[in-house]
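Single-structure report; data block below.
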Amino acid sequence: MSRLVVISNRVAVPSKDASANQGGLAVALLSALRERGGIWFGWSGETTEHFTGEIHRAEGDGVTTATIDLEEQDIDEYYNGFANRTLWPLFHYRIDLTEFERDFEGGYKRVNARFADTVRPLIGDDDLVWVHDYHLIPLGARLRERGVTNRLGFFLHTPWPPSRLLVSLPSHKRLVEALFAYDVIGFHTEDWLDSFHRYVVDMMGGTFDEDGCVVVGSRRVRAIVAPIGIDTAEFEAAAVSPEARFTMERMQMSSTGRSLMVGVDRLDYSKGLRERFLGYERFLHNHPDRRGLVYLLQVAPPSREKVNTYQEIRADLDALSGRINGEYADMDWVPIRYVNQGYPRPQLAGIYRAARVALVTPLRDGMNLVAKEYVAAQDPQDPGVLILSSFAGAAAQMTDAVLVNPYSAEELADAIDQALSMPRDERRRRWQALIAGVRREDVFWWCDLFLGELAAVKVPVTG
Ligand code: F6P
């Protein structure tokens, strides 16, 4: 089996595996690499005054990580700039929040070239190279320029936006052309894949060959759907660990007789937290009899704090949670416990297991692994109910959740009512269907599916 080289902006440090501050993607990649072995290359999360390309190597759990420091200006223009002020909002359909700055693009190009220069010597002849996410779209092309002829895969963990949105990016053509340096490109859902194909056909005159690959001029690429999963067995075990049990008891003691609803999200405008709070507020308004009998624990560790839109959403949520608590709280009950910190994964599993309902209601999301973790953590005899946004990639697989339009406060309020009133038989029926999918299509299945396609590429593209 060829060795795997994974490249992503963020690299999970194996010893910090327990931290909930590491995104679901980083945790999933760590599980996959642990099973298969290989190298994981990316940004160290640190800055340096002058870029040197020095590689920090670390070993742990059968995974070698190799990371580099970037300059302050790189972080401003590449990570906070093009990645998170331009591509992230645009790919999540938020053109109103998208900033177009040439400097950002300069930084994006520079950092992708820096990644290519430093990772190049680590790539052996037979390695499979797998690049992840919107931060690194041009990396494949930069590696080809440096003589890499290996099979190259790319996975996008966000949505792929409809063409009419994507064309608002001045450099949209260059960005999409760069994807043709890869052999295989993966998306989480048919929707994102369709949008990609439609762009290539409509804007680049692409056609399909007999193998289903999309062809533009002399370049061809296979674009596939491969929905990411979690390490289900590991998470199911975490949910019955002593630490999870202790957390569950702590939650139950602090709220005897009340139903817990939980939300766990990076503090990001795409996660629909504002709309979720408004939906919950509507529920409390519509159901005076339920007040005092339910509470929402919203865990929201801050994220991308240097980006103004993230500062704004944080201030909005501070005000909104304060307003709702001020309006509805009583001397012995607070409707929202709003917490700006992450929890270690066993504790998180305990919180999920204690929760009668999970609210996973992003406005737009590539996948969303919290939905899968919640299902994996449930007690099979008395499982809770997953309320899931139809606009999360996870909704394509998890059709037995209570699916909602997260923009509608009324729909959210009704879904909360439905979930809290749901009889045990129905909860169990829905959960059994959900857990079967979460077990079957776990992170290892995802990895094998994508890497199987990549390994099957006969003649790697060169030049
Ligand atoms: O899932 C999308 C993503 O950008 C991942 O690439 C990343 O690991 C995660 O969100 C967390 O974001 P950040 O790395 O910016 O903290």
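The dipole here belongs to the chain: it is taken about the Cα centre, uses +1 on the Cβ of Lys and Arg and -1 on the Cβ of Asp and Glu, and is about 340 debye. Of all segments of the chain bounded by GluC sites (Glu not before Pro) found in a DSSP loop with no more than 11 other C-beta atoms within 10 Å, the longest spans 306-463.
Helix 424-440 and the longest principal axis of the C-alpha atoms of the chain enclose an angle of approximately 20°. Taking Arg94, Arg245 and ordering them by how much accessible surface each has at a 1.4 Å probe, largest first, produces Arg245, Arg94. With both labels modelled 7 Å from their Cα along Cα-to-Cβ, the Glu249 to Arg120 distance reads 5.9 nm. A dipole drawn for the stretch 344-463 from +1 and -1 charges on Cβ atoms has a positive end, and of Gly393, Gly452, Ile351 the residue lying farthest that way is Gly452. Just report the Cα centroid separation between the stretch 107-146 and the stretch 26-74, whole Å. Measuring centre to centre over Cα atoms gives 13 Å. Computed over the stretch 222-353, the P(r) tail beyond 22 angstrom holds 47 percent of alpha carbon pairs.
Across the stretch 302-319, rounded Karplus estimates of 3J(HN,Hα) from the backbone phi angles (6.51 cos²θ - 1.76 cosθ + 1.60, θ = phi - 60°) give x, 8, 6, 5, 7, 8, 4, 5, 6, 5, 5, 5, 5, 5, 4, 6, 4, 5 Hz, Gly and Pro being marked x.
Take every DSSP beta bridge whose two residues both sit in the chain; close to 20 percent of them are antiparallel. Taking all protein chains as shown and a probe of 1.4 angstrom, Leu30 keeps an accessible surface of around 0 Å².
Positive end of the dipole of the chain (Cβ unit charges, origin at the Cα centre): among Leu317, Leu29, His172, the Cα lying farthest that way belongs to Leu29. Working from Cα pairs under 8 Å separated by at least six residues, relative contact order for the chain is 16 percent. Please report the base-10 log of the normalised intensity I(q)/I(0) for the stretch 1-109, using a Debye sum with one equal scatterer per alpha carbon and no solvent, at each q in 0.21 (1/Å). For the requested q values the scattering log ratios are -1.11. Taking the charge dipole of the stretch 31-153 about its Cα centre, with +1 at Lys and Arg Cβ atoms and -1 at Asp and Glu Cβ atoms, the residue from Ala83, Pro121, Gln73 reaching farthest to the positive side is Pro121. About its Cα centre, the stretch 290-393 has a charge dipole of approximately 180 debye under the convention of +1 per Lys or Arg Cβ and -1 per Asp or Glu Cβ, with nothing else charged. Quick check: pseudo-label points 7 Å beyond the Cα along Cα→Cβ at His56 and His197, how many nm apart are they? Once both label points are built, they end up 4.3 nm from each other.
Grouping the Cα pair distances of the stretch 150-301 into 10 Å bins from zero gives a pair-distance distribution of 9, 25, 23, 18, 16, 9, 1 percent in increasing distance order. Excluding the site residues themselves, the longest part of the chain lacking any chymotrypsin sites (Phe, Trp or Tyr not before Pro) in a DSSP loop with at most 15 other Cβ atoms within 10 Å is 101-406. Take the Cα coordinates of the stretch 56-193, assign each an equal point scatterer, and use the Debye formula without solvent to give log10 I(q)/I(0) at q = 0.10, 0.11, 0.19 Å⁻¹. Debye curve over Cα of the stretch 56-193, log10 I(q)/I(0) at q = 0.10, 0.11, 0.19 Å⁻¹: -0.35, -0.42, -1.20. With a Förster radius of 22 Å applied to the C-beta separation of Thr149 and Ala396, the computed FRET efficiency comes to 0.05.
Once divided by 2.2 N^0.38 Å, the Cα radius of gyration of the stretch 231-305 becomes 1.34. Quick one: pull the percent of accessible area on the stretch 122-275 belonging to carbon and sulfur, 1.4 Å probe, ligands and nucleic acids left out. Of all accessible area on the stretch 122-275, carbon and sulfur atoms account for 49 percent.
In the stretch 295-426, the portion of solvent-accessible area held by carbon and sulfur atoms comes to 44 percent [1.4 Å probe, whole percent, DNA, RNA and ligands not counted]. Report, in degrees rounded to the nearest 10, the 0 to 90 angle that the Cα long axis of helix 242-253 makes with the longest principal axis of the chain. Computed tilt is about 40 degrees. Sorting Arg164, Arg36 by accessible area puts them as Arg164, Arg36; the probe is 1.4 Å, largest comes first, and only protein heavy atoms count. Annotation: for a label point projected 7 angstrom from Cα along Cα→Cβ of Lys306, residues of the stretch 60-75 with backbone N closer than 17 Å are 68-75. All other residues with a Cβ under 10 Å from the Cβ of Ser259 taken together, and with Lys, Arg as +1 and Asp, Glu as -1, what is their net charge? That sum, taken over residues with Cβ under 10 Å, equals +3. Any idea what % of Cα-Cα pairs in the chain are farther than 31 Å? When all Cα pairs of the chain are counted, 42 percent exceed 31 Å. Annotation for the stretch 300-361: trypsin sites (Lys or Arg not before Pro) lying in DSSP loop with at most 16 further Cβ atoms inside 10 Å of their Cβ are Lys306. Distance between the modelled labels on Ala237 and Ala456, one decimal in nanometres: 3.1 nm (7 Å Cα→Cβ projection). With protein chains left intact and a 1.4 Å probe, residues in the chain average 40 Å² of accessible area per residue. In the assembled protein chains, Thr256 presents an accessible area of approximately 110 Å² (probe radius 1.4 Å).
For the stretch 210-369, the relative contact order is 36 percent, taking Cα pairs closer than 8 Å that sit 6 or more residues apart in sequence and dividing their mean separation by the residue count. The accessible area of Ile75, taken with all protein chains in place and a 1.4 Å probe, comes to roughly 20 Å². Applying 1/(1 + (r/R0)^6) with r as the Cβ-Cβ distance of Glu49 and Arg291 and R0 = 41 angstrom yields a FRET efficiency of 0.15. Maximal additional length on extending the Arg424-Glu410 stretch stands at 2.6 nm, based on 0.36 nm per residue less the C-alpha distance.
The values are calculated or read from the model by the stated rules, or taken from the named source; none is laboratory data. Only a predicted model underlies this, so the values are computations on that prediction, with no experimental measurement involved. Neighbour counts run over all protein chains shown; Cβ positions are idealised from the backbone, glycine included. With ligands, DNA and RNA removed, areas are computed over all heavy atoms of the protein, side chains included. Shrake-Rupley method; radii C 1.70, N 1.55, O 1.52, S 1.80 Å.
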